[in-house]
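Structure record follows, encoded as structure tokens.
Every number in this text was worked out from the coordinates using simple rules, so none of it is lab data. All values reported here derive from a predicted model rather than from experimental measurement. A quick note on method: Cβ atoms are made from the backbone with ideal geometry, for glycine too, and the neighbour counts reach across all protein chains shown.
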Amino acid sequence: MSAEKLWVSIDLDNVLAATDPLIRELLASRHGLYLQIENVVEFDYAMCGATREQSDDVLHFFHSKACAAVALEEGASNALLQIQRLYRIRIVTSRPEGTRTLTEEWLVANGVVFDQLVFTNEKAQLCLGSVALVDDSHANAVDVASAGVPVLLLDKPWNRKPLPDLVQRIFSWPDGVRWLMIPGAGKE
Ligand SMILES: [Mg+2]
């Protein structure tokens with residue numbers, strides 16, 4: 001009997017989709033607010049120079065329309081092609097369920113390979129049994145690691161905080177692919 005492929009769980013925004021650059025473009029075009037990525041040191045634009053109203057407006061516009069045009073994160077598409085040779089891919093996102101159609105269309109249009117797409121705010125529960133979660137959220141990383149699942153945390157200004165044992169910081173998609181595809185790589 002051939003063994004079933006194991007699951008890898010992968011976040012969407014700022015991991016597969018280059019969401020932050022688009023959000024900052026929208027803050028500039030809709031509100032005249034110019035932020036650099038280095039300014040985004042918290043996972044909340046209202047804590048990084050935007051008002052709560054500006055942040056809410058831009059996130060609403062992103063979820064209702066602009067997410068259809070977000071760029072791919074560098075290296076993401078190629079990484080998934082490699083990862084899918086060994087694993088099943090579950091994309092886990094905390095986007096509102098109402099973005100499902102736009103999100104599915106975006107994944108197809110961008111040639112993103114995956115086996116399952118899940119909308120949830122409960123990543124720790126969902127990731128049980130996954131080989132790893134790839135995410136950019138420090139809070140998600142801590143949560144999922146505390147459930148015993150390794151996390152590859154894609155380095156961003158908003159996640160540069162101390163990491164628990166099961167969380168490994170990666171600096172690019174090739175780093176993540178190496179960890180997932182090469183036995184022992186980065187797991188010492
Ligand atoms: Mg994310």
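Between 0 and 90 degrees, rounded to the nearest ten: what's the tilt of helix 100-109 against the longest Cα principal axis of the chain?
70
For the range 22-171, rounded, prolate or oblate, judged on the Cα gyration tensor with a ≥ b ≥ c (square roots of eigenvalues), a/c < 1.5 rounded, else prolate if a/b > b/c?
Verdict is oblate for the range 22-171.
State the answer as a single residue: which of 35, 61, 77 lies farthest towards the positive end of the charge dipole of the range 1-116, with beta carbon charges of +1 for Lys and Arg and -1 for Asp and Glu, about the Cα centre.
77
Specify the residue with the greatest mean-square fluctuation among 123, 156, 65, computed from a Gaussian network of the chain linking alpha-carbon atoms under 10 Å apart.
Looking only at 123, 156, 65, the biggest GNM fluctuation is shown by 65.
In the chain, what percentage of the DSSP-assigned beta bridges are antiparallel, given to the nearest 5?
DSSP beta bridges in the chain are roughly 5 percent antiparallel.
Could you grab the Rg to Rh ratio for the range 58-128? Cα atoms only, Kirkwood for Rh.
0.97
Expressed in nm to one decimal, what extension gain is obtained for the pair residue 109 and residue 161 from 0.36 nm per residue of sequence separation less their Cα-Cα distance?
Working it through step by step, the gained length comes to 15.3 nm.
Taking only Cα atoms and a 10 Å spring cutoff, compute GNM fluctuations for the chain and point out the largest among 114, 62, 171.
In the Gaussian network model the winner is 171.
Rounded, prolate or oblate, given the Cα gyration tensor of the range 19-69, with a/c below 1.5 counting as rounded?
Because a/c hits 1.5 or more and a/b exceeds b/c, the range 19-69 counts as prolate.
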